[in-house]
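Some notes on the structure that comes next.
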Amino acid sequence: MSNGADNTTVKRTALKPLFFYQAVSLGCDPEFFFAKGGKVIGSEKVLDASGIKTNPQDNTSYHPLDGGNISKFIVDGVQAELNPRPSSCRALLGNEIRACFRDLHALLVSKGVVADFSQCVEVTQEEMDTLSDKARIFGCAPSTNCYTAAESKISVDPKVYRGRSAGGHIHIGNQYQQYLDNPGFREQYRAAYEISKDPNNAWKIGSRTEYALKTPDIMVPVLDIVLGNTCVLVDRAPSNKERRKVYGKAGEHRLKPYGIEYRTLSNFWLRSYQLMSMVMGITRLAVQLVEQSTPDNDYVKALFDAVNRNDVIKAINENDFELALANFKKIENILYEACESNWGNYPFSAKYANPFRYFVNKGVDHWFEKDVVNHWMNAPEGHGSGWESFLAGRVTTELRQSMKKESFNLNPPRRPISYIDNDAYVKYDGELREYNKAYEAAYDPTKLVVAEVKDPTASPALPVVAEEPVVA
């Protein structure tokens with residue numbers, strides 16, 4: 001290929017599906033900007049030192065049990081930063097973000113400003129001159145890069161350099177930490193494991209998750225392969241390449257008391273609840289691929305053997321769509337095998353491989369409104385409206401409509417008018433089952449083939465036509 005990708009095919013044995021546990025705590029600190037009159041202004045002019053705090057949306061055990069988490073917006077240099085309360089449930093995390101934006105909207109109206117979710121901006125010199133010294137420096141501390149084992153240092157002077165970028169860092173923790181830290185739980189569940197050797201024992205799951213999060217030389221490359229590379233297919237803003245000259249390269253992370261902060265992504269996923277759900281779902285998947293790898297069912301080895309690590313690094317750092325696509329094709333069957341039987345908890349499925357390609361082809365502007373605050377303010381409760389529901393629902397429906405076959409000319413049966421005509425209802429029920437069977441045969445997502453995956457920002461989107469299947 002012209003992109004220089006390593007196209008070596010590695011033979012391997014099929015992998016067993018992952019077990020699913022809500023053992024991974026998911027948090028984040030995405031950034032954005034405030035603007036007035038079309039110009040970016042410092043967040044300190046909108047938020048006070050304490051920021052905006054939002055009341056917790058639920059009191060379930062799906063949040064980390066440290067008792068100190070509360071959702072809020074804070075000042076972070078020129079940028080504003082959102083810190084929603086972490087959760088092992090994507091829907092509950094989404095509910096926290098929704099509540100935060102509802103609180104933010106009132107402040108925006110009162111201040112006469114708007115929220116700007118651009119990934120990179122240039123602040124005017126006039127604005128920089130009005131900001132405090134604290135606001136003019138970069139809010140982020142340096143990262144560690146797992147490929148160089150060195151601190152990722154910022155090479156520009158933030159008081160002179162007027163470019164600013166908005167990251168979308170992911171915070172990954174161990175929701176089962178209580179089974180390691182609480183003496184009563186620890187001894188009870190560890191003793192039970194020693195007798196049963198049950199891999200689904202809570203102490204054992206917590207121990208494996210702790211190992212994954214404390215082994216960044218394995219965990220972070222897996223995040224790059226599974227999450228960072230896949231996000232290049234969706235987040236195609238040209239400014240990503242510029243942003244990563246300052247920070248956000250492949251491999252960037254911080255070890256934190258709660259686990260790992262993955263620092264490669266931009267704030268693109270804050271565009272919608274569905275994108276947030278996708279990113280958090282892939283994050284959880286990446287952790288559990290490491291956590292559940294064993295010598296006879298080694299997801300990590302399969303991933304490392306399937307794709308060249310340098311290709312992944314280059315695809316991320318250069319935001320190279322074609323190279324990222326080549327990388328993804330090498331790992332997608334591994335992901336399908338791992339996620340099999342857990343669609344809805346994990347974000348990939350062979351059945352929806354073609355709808356995913358269709359989603360990528362259309363680009364985020366096709367699927368999501370640009371008014372991010374309005375989207376979050378009006379978002380429904382998270383359960384049942386996340387990534388998998390979106391892909392299986394709206395995306396698959398649109399793909400089906402674009403792929404209508406002339407041979408399918410059946411009309412749906414008509415419901416009987418009278419409720420007391422039992423024979424008519426028996427006949428209707430049989431006709432409806434036959435109609436649904438014929439419809440599914442004609443519009444099976446695995447047979448609705450996207451001919452080629454293209455970057456719609458680089459050239460006009462290729463028409464989607466039925467050709468040879470993309471997936472087996």
Verdict on Val109 being surrounded by fewer than 20 Cβ atoms within 10 Å (Cβ to Cβ) and at pLDDT below 90:
no
Which one is surrounded by the most Cβ atoms within 10 Å (Cβ to Cβ) among residues in region 164-199 that are touching a residue at least 40 places away in the same chain (Cβ under 8 Å) and among the β-branched types (Val, Ile, Thr)?
Ile172
Please go through (1) of a type outside the set (Phe, Trp, Tyr); (2) touching a strand residue (DSSP E or B) at 6+ places or on another chain (Cβ under 8 Å); (3) within 29 Å of Phe356 (Cα to Cα) for Ile225 and return the number of the only condition it doesn't satisfy.
(2)
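Is it fair to say Asn361 is over 15 Å from Val279 (Cα atoms), part of a helix (DSSP H, G or I), touching a Lys or Arg at 6+ places or on another chain (Cβ under 9 Å) and in the same structural domain as Asp235 (by TED's automatic domain parsing)?
yes
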Given the criterion hydrophobic (A, V, I, L, M, F, W, C) and either touching a strand residue (DSSP E or B) at 6+ places or on another chain (Cβ under 9 Å) or at pLDDT below 95 (or both), identify the matching residue among Leu323, Leu335, Leu289, Leu303.
Leu335
Give the residue that is farthest from the chain's Cα centre (by Cα), with candidates limited to residues of region 290-310 that are surrounded by fewer than 21 Cβ atoms within 10 Å (Cβ to Cβ) and among the acidic types (Asp, Glu).
Asp296
Scanning for something touching a residue at least 12 places away in the same chain (Cβ under 8 Å), in the same structural domain as Asp371 (by TED's automatic domain parsing) and under 26 Å from Glu369 (Cα atoms), does region 297-316 turn up at least one residue?
yes
Looking for something modelled with pLDDT of 95 or more, touching a helix residue (DSSP H, G or I) at 6+ places or on another chain (Cβ under 7 Å) and either in a strand (DSSP E or B) or surrounded by 21 or more Cβ atoms within 10 Å (Cβ to Cβ) (or both) - is there at least one such residue anywhere in region 27-38?
yes
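The values are calculated or read from the model by the stated rules, or taken from the named source; none is laboratory data. All values reported here derive from a predicted model rather than from experimental measurement. For neighbour counting, all protein chains shown are included, and Cβ atoms are generated from backbone atoms with ideal geometry for every residue, glycine included.
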